[in-house]
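The values are calculated or read from the model by the stated rules, or taken from the named source; none is laboratory data. Quantities reported herein were computed from a predicted structural model and do not represent experimental measurements. Ideal geometry is used to build each Cβ from the backbone, glycine not excepted, and the neighbour counts take in all protein chains shown.
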Amino acid sequence: MLVIRLWNYFRGYVIIRVEGLTLEKFINLAIARNIYLWDIVRSDYTTLEAKVSIKGFKALKPVVKRVGCRINIITKNGYPFFIHKFKYRKMFAFGFVVAVSILFFLTSFIWSIDIQGNERISKEEILNKLEVMGIDFGTFKRKIDVDVIKKGLLTNIESLSFARVEIKGTKLLVEIKESDLKPDQENRDYPCHIIAKKKAVIEKIIAKNGKSIVEKGDIVKEGQILISGIIDDERLENPLLVHSEGEVLAKTWYNKVLKEPIVKEIKEETGKVFTTKEIKFGSKGIQLINGEIPFSDYVEEINHKKVLNWKEFSLPLEIVEHKYKEVEVNKVTRNIDSLKKMTSVKGVQELMEELPEGVKVISKDVKYLVEDNILTTTVSVEVIEDIGDKYKITTNDFEED
């Protein structure tokens with residue numbers, strides 16, 4: 001049980017090795033004299049190891065003398081031995097006190113900021129707002145007023161409906177809730193054109209408000225006016241400015257290019273590993289194990305292990321282990337037909353995922369090019385989409401027209 005282990009630790013105990021031909025008699029006599037032995041492990045017929053308290057070890061002397069066994073101390077454990085070291089190692093004790101003091105001092109600062117609940121608002125935007133309010137990594141905790149931070153976030157970020165700020169150990173926890181998106185209530189009081197987002201071929205144009213100035217089959221370029229917000233009529237004394245509304249469907253194209261080597265290098269691990277370690281505090285590191293990597297070809301594996309990371313208590317202190325695994329590089333020539341099939345399927349999948357919502361795919365084309373041991377696969381899709389975008393009419397635009 002944990003309580004018993006703690007009790008034994010504070011009393012102090014030793015791990016002993018007993019050698020002789022009368023081990024059973026030794027144990028029986030120890031029990032008879034109320035000497036408590038625990039974790040008894042018998043390694044062979046004439047040897048056993050066990051744990052015994054400091055007081056119990058002293059009481060074992062007459063028992064050992066009587067049974068004719070030899071007894072040796074393997075290790076000394078527990079609080080009394082720990083304190084005893086400090087008695088003769090004043091510099092060690094001083095260093096221990098300094099280390100504890102430094103750790104205690106470091107826990108007075110914020111070393112990590114955890115932001116939860118953000119979806120549309122980026123983490124960087126929230127961190128920038130906190131920085132403006134004087135909150136950053138390494139900020140003294142006593143200078144932080146969570147209520148002031150909460151009000152500052154709600155004031156400076158309009159799309160927030162709720163904010164909660166809490167200090168947990170060396171972590172600042174910021175929990176937010178974003179405002180629900182309101183239905184589109186676009187201001188239609190200003191005059192505007194509808195212009196082309198990109199180069200395309202017009203398929204269909206419906207001008208609900210404004211004047212259509214392109215027709216089906218026209219090739220338009222990015223920024224070209226499709227539905228004009230300036231209505232010029234002989235019956236009007238001055239041109240009429242309107243807020244253009246409408247839908248412009250046009251043919252556009254999307255491409256995806258993938259490149260794959262025909263002769264590919266395959267790396268196989270040999271089993272040989274070279275390891276280095278470093279201690280990192282934030283972005284600064286100190287090498288513990290130095291040395292040049294003894295391999296010409298290798299892959300690197302990096303493992304991070306936090307130091308003093310317990311529940312809500314954490315510091316930006318970690319041990320980073322770099323494992324360099326030797327590999328043998330073998331070249332494999334791949335089947336071109338299989339490679340073409342693989343790249344075309346992959347290209348179509350990736351391209352479909354990148355297409356904007358609402359587009360209609362009407363055709364697909366795949367082209368291949370083999371050059372310098374590289375297979376280049378170009379996947380093209382032709383789609384129909386709404387290319388209209390609103391552009392506010394200014395005085396200069398009106399004068400130009």
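Run ASP44 past the list (1) modelled with pLDDT under 85; (2) crowded, with 16+ Cβ neighbours inside 10 Å and report the number of the one that doesn't hold.
(2)
Determine, yes or no, whether VAL18 is modelled with pLDDT of 85 or more, over 15 Å from CYS69 (Cα atoms) and not small (Gly, Ala, Ser).
no
In the range 155-180, what residues are of a type in the set (A, V, I, L, M, F, W, C) and under 16 Å from ARG120 (Cβ atoms)?
ILE157, LEU160, PHE162, ALA163, VAL174, ILE176
Which members of the range 315-332 meet the condition of being buried (at least 17 other Cβ atoms within 10 Å of the Cβ) and either at pLDDT 75 or above or not assigned by TED's automatic domain parsing to the domain that holds GLY285 (or both)?
Correct list: GLU318, TYR324, LYS325, GLU326, VAL327.
For the range 116-231, please list each of the strands (runs of 3 or more DSSP E) lying entirely inside it that holds at least 2 residues being among the basic types (Lys, Arg).
Because the criterion is at least 2 residues that are among the basic types (Lys, Arg), the strands (runs of 3 or more DSSP E) in the range 116-231 that meet it are 160-168, 171-178, 200-209.
Could you tell me which residue of the range 189-238 is surrounded by the fewest Cβ atoms within 10 Å (Cβ to Cβ), considering only residues that are of a type in the set (Val, Ile, Thr) and closer than 18 Å to THR394 by Cβ?
In this case the residue turns out to be ILE231.
Determine, yes or no, whether LYS256 is crowded, with 16+ Cβ neighbours inside 10 Å, part of a strand (DSSP E or B) and either touching a helix residue (DSSP H, G or I) at 6+ places or on another chain (Cβ under 6 Å) or not assigned by TED's automatic domain parsing to the domain that holds GLU321 (or both).
Yes.
Could you grab me the full set of residues in the range 259-280 that are surrounded by 12 or more Cβ atoms within 10 Å (Cβ to Cβ), of a type in the set (A, V, I, L, M) and under 30 Å from VAL366 (Cα atoms)?
Residue satisfying the conditions is ILE262 alone.
Taking the criterion of being surrounded by 15 or more Cβ atoms within 10 Å (Cβ to Cβ) and at pLDDT below 85, would at least one residue in the range 90-97 satisfy it?
no
Go through the range 291-314 and give me each residue that's modelled with pLDDT under 80 and closer than 28 Å to LEU106 by Cα.
Of everything in the range 291-314, those that are modelled with pLDDT under 80 and closer than 28 Å to LEU106 by Cα turn out to be LYS306, VAL307, LEU308, ASN309, TRP310, LYS311, GLU312, PHE313, SER314.
In the set LEU106, LEU130, which member is crowded, with 16+ Cβ neighbours inside 10 Å, over 13 Å from ILE157 (Cα atoms), hydrophobic (A, V, I, L, M, F, W, C) and outside the structural domain of LEU317 (by TED's automatic domain parsing)?
LEU106
Looking only at the range 1-39, count every residue that is of a type in the set (A, V, I, L, M, F, W, C), under 17 Å from ILE73 (Cβ atoms) and loosely packed, with under 14 Cβ neighbours inside 10 Å and tell me the total.
Selection size over the range 1-39: 1.
Name the pairs whose Cβ atoms lie under 7 Å apart, with the first residue in the range 147-172 and surrounded by 18 or more Cβ atoms within 10 Å (Cβ to Cβ), the second modelled with pLDDT under 85 and not hydrophobic (A, V, I, L, M, F, W, C), and 6 or more positions between them or separate chains?
From the range 147-172, the pairs are LEU160/GLU178; LEU160/SER179; GLY169/GLU312; GLY169/SER314; THR170/THR107; THR170/SER112; THR170/SER314.
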